[in-house]
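To start, the structure itself, in structure tokens.
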Amino acid sequence: MEKYLTIIVPCYNEEANLKRGVLQEMLKYLTRQSVSWELIISDDGSTDGSAKLVKTIIAKYQNCKFLGNPHGGKPAALLAGINVASGKYILTTDMDQSTPIGELDKLLPYLNKGFDIVIGSRGINRKNFPLYRKVGAAIFMSVRKFLILREIKDTQCGFKLYEAATLKKAFPGLEFIRKEKKAKGWTVTSFDVELLHIIKKMGKRIKEVEVVWHDRDISVGKGGGLNRYFKESKDMFMQVLRVKINDLKGMY
């Protein structure tokens with residue numbers, strides 16, 4: 001039976017975040033909603049205690065699912081959830097809940113205003129965000145807007161609400177999925193840019209809404225450090241450039 005809303009949460013080594021109650025926060029919000037919903041936790045081959053914790057927490061909820069997947073990267077974990085989602089609309093959100101699930105209240109009204117996709121926007125003044133990341137985010141946004149999706153400020157916020165039929169049609173078109181790229185460890189990608197571009201090319205209407213964002217991620221199994229950040233920034237720039245080149249070639 002089709003539900004109104006599916007929430008998909010990718011999970012990779014989120015044990016520390018889970019222990020501070022993020023999943024309970026989501027469930028507390030969802031159980032108060034009047035619309036039908038399902039929550040899908042799509043695990044990306046976690047090597048810590050995430051899977052066990054998730055299964056324990058959601059055990060008493062019939063409308064919650066746990067998907068155990070081999071490690072393939074965030075896009076692969078999302079696709080696994082998308083493939084089994086039964087909601088008319090799909091919300092993707094991150095396990096750390098830097099954007100709290102309650103911010104969905106800001107996105108939902110736009111579904112009745114003719115928009116197919118409603119995306120969260122974090123702005124530049126992000127709480128608990130190191131200066132080098134704020135500067136990096138501003139540079140990335142400027143370069144990306146010069147190349148593609150000029151009308152969108154923040155493509156990278158993980159808090160996005162989609163019409164399910166649109167997402168299921170667009171997501172398999174990602175280069176990451178088509179070429180079956182393999183991930184190693186926690187990898188940050190700019191697949192969101194390509195996905196939004198594909199959706200825009202489909203003629204769908206996208207609305208950007210400012211949401212609360214406060215870095216709450218305390219996970220320790222994803223790696224980190226300044227050197228890793230600069231490498232990821234370079235990789236993301238090259239990915240955006242590749243989207244632009246693919247677009248010029250008429251691949252979308």
Q.
Looking at the chain as a GNM with Cα springs under 10 Å, which of Ile198, Ile148, Ile139 has the largest mean-square fluctuation?
A. Ile139
Q. Among bridges DSSP assigns within the chain, what percent are antiparallel (round to 5)?
A. 25
**Q.** Residues His71, His214, His197, sorted so that the one with the fewest Cβ neighbours within 10 Å comes first
**A.** His214, His71, His197
**Q.** When each of Lys65/Lys88; Lys60/Lys168; Lys52/Lys106 is checked by Cα-Cα distance, pairs over 21 Å
**A.** Lys60/Lys168; Lys52/Lys106
Q: Using 0.36 nm per residue of separation minus the Cα-Cα distance, give me the extension gain between Arg150 and Arg32 in nm, one decimal.
A: 38.8 nm
Q: Once you've got the GNM for the chain with C-alpha springs shorter than 10 Å, pick whichever of Glu25, Glu208, Glu15 has the biggest mean-square fluctuation.
A: Glu25
Q. Once Lys and Arg get +1 and Asp and Glu get -1 on their Cβ, which of Leu91, Gly45, Val240 lies farthest toward the positive end of the dipole of the stretch 3-248?
A. Val240
Q: Sort Glu2, Glu210, Glu14, Glu163 so the one with the fewest other Cβ atoms within 10 Å of its own Cβ comes first.
A: Glu2, Glu210, Glu163, Glu14
**Q.** Estimated inter-spin distance, Arg216 and Leu248, nm [label 7 Å along Cα→Cβ]
**A.** 4.2
Q: In a Gaussian network model over the chain where Cα atoms closer than 10 Å are linked, find which of Gln33, Gln97, Gln24 has the largest mean-square fluctuation.
A: Gln33
Q: Give the relative contact order (percent, whole number) for the chain; include only Cα pairs under 8 Å separated by 6+ residues.
A: 25
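Readers should treat all values here as calculations from the given coordinates under stated rules, not as data from a laboratory. These numbers come from a predicted model, not from an experiment. Please note: Cβ atoms are built from the backbone with ideal geometry, for glycine as well, and neighbour counts cover all protein chains shown.
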